[in-house]
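The values are calculated or read from the model by the stated rules, or taken from the named source; none is laboratory data. Treat the numbers as computed from the prediction; the structure is a model and nothing was measured. Reconstructed Cβ throughout: ideal geometry from the backbone, glycine too, with neighbour counts over all protein chains shown. Surface areas here come from the heavy atoms of the whole protein model, side chains and all, with no ligands, DNA or RNA. Shrake-Rupley method; radii C 1.70, N 1.55, O 1.52, S 1.80 Å.
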Amino acid sequence: MSVTELALAVLLLLLTPGPTNSLMLLAGAERGWGGALRLIPAELAGYFLTVLPLALACAALLDGAETLRSLVTLAAGTWVAVLAVRLWRLPETVAAGQAVSARALFVTTALNPKALLFGLVLLPSPDRLGANLALFAGLVVLVAMLWAGLGAVLRRGSGQPRALFVLRRLASVWLAAISLVLIARGVAA
């Protein structure tokens, strides 16, 4: 795969709405763009916790380990379900930035099924792994900035506490749907 093809594949996968992007959107809506950008290191660390070991050593190990993949998918689905419930239970008025913590973003990203695709399929390359990882990191930052920016725009458009409460509820429903899909995949595999 050429660098351009890799960049496009990674970018399209990163842009796909999922649990990490939902949290960055919500963080942008709650904290504003600048506040949400402070969470990017947690997202990068979460991705690299999963992607780096897979890209370096585990691709061959996991190739035939369907049970392990199922367990990772179930763990991801369960964590996303926990996040959905936590978001749903937040009171209508929450202090700025309280709904999305760096820890929650880190764990969500580390368990994100996209990380498996990055680590097992897209990034491993014996001759250019370092360059691939650098490209990946840059694209993660870019996409996180975009999702946080979208959240910040939503905040400006309706920065009232009630609107943020509704956005949290919508994010909770979206995360619940994602968790059901992940759990179903984990059980079916």
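Sorted by packing (mean other beta-carbon atoms within 10 Å per residue), highest first, where do 107-120, 43-56 land?
Details: 107-120: 22.1, 43-56: 20.0.
Descending mean neighbour count gives 107-120, 43-56.
Note down the relative contact order for the chain as a percent, whole number, built from C-alpha pairs under 8 angstrom at least six residues apart. List each step's numbers first, then the result.
Details: 251 pairs, mean separation 87.3, N = 189.
Reported as a whole number, the value is 46 percent.
Output needed for the chain: three equivalent-ellipsoid semi-axes, defined as square roots of 5 times the C-alpha gyration tensor eigenvalues, in descending order, whole Å.
Values: eigenvalues 173, 79, 28 Å².
Value: 29, 20, 12 Å, ordered largest first.
Rounded to the nearest 10 degrees, the inclination of helix 66-89 to the longest alpha-carbon principal axis of the chain is 10 degrees. A straight line joining the Cα centroids of region 13-46 and region 163-186 runs 15 Å.
For region 100-189, rounded, prolate or oblate, judged on the Cα gyration tensor with a ≥ b ≥ c (square roots of eigenvalues), a/c < 1.5 rounded, else prolate if a/b > b/c? In terms of gyration-tensor shape, oblate. Within the shell defined by Cβ-Cβ distances under 13 Å, the residues around residue 135 carry a net charge of 0, with Lys and Arg each +1 and Asp and Glu each -1.
Using only side-chain charges placed at the Cβ, +1 for Lys and Arg and -1 for Asp and Glu, the dipole size of the chain relative to its Cα centre rounds to 720 debye.
Across region 19-30, coupling constants 3J(HN,Hα) worked out from phi with the 6.51/-1.76/1.60 Karplus curve, θ = phi - 60°, read x, 5, 5, 4, 5, 5, 4, 5, 4, x, 5, 7 Hz, and Gly and Pro carry x.
For 187, 10, the ranking by accessible surface with the largest value first comes to 187, 10, using a 1.4 Å probe.
Of the accessible area of the chain, computed with a 1.4 Å probe over protein heavy atoms only, carbon and sulfur atoms account for 70 percent.
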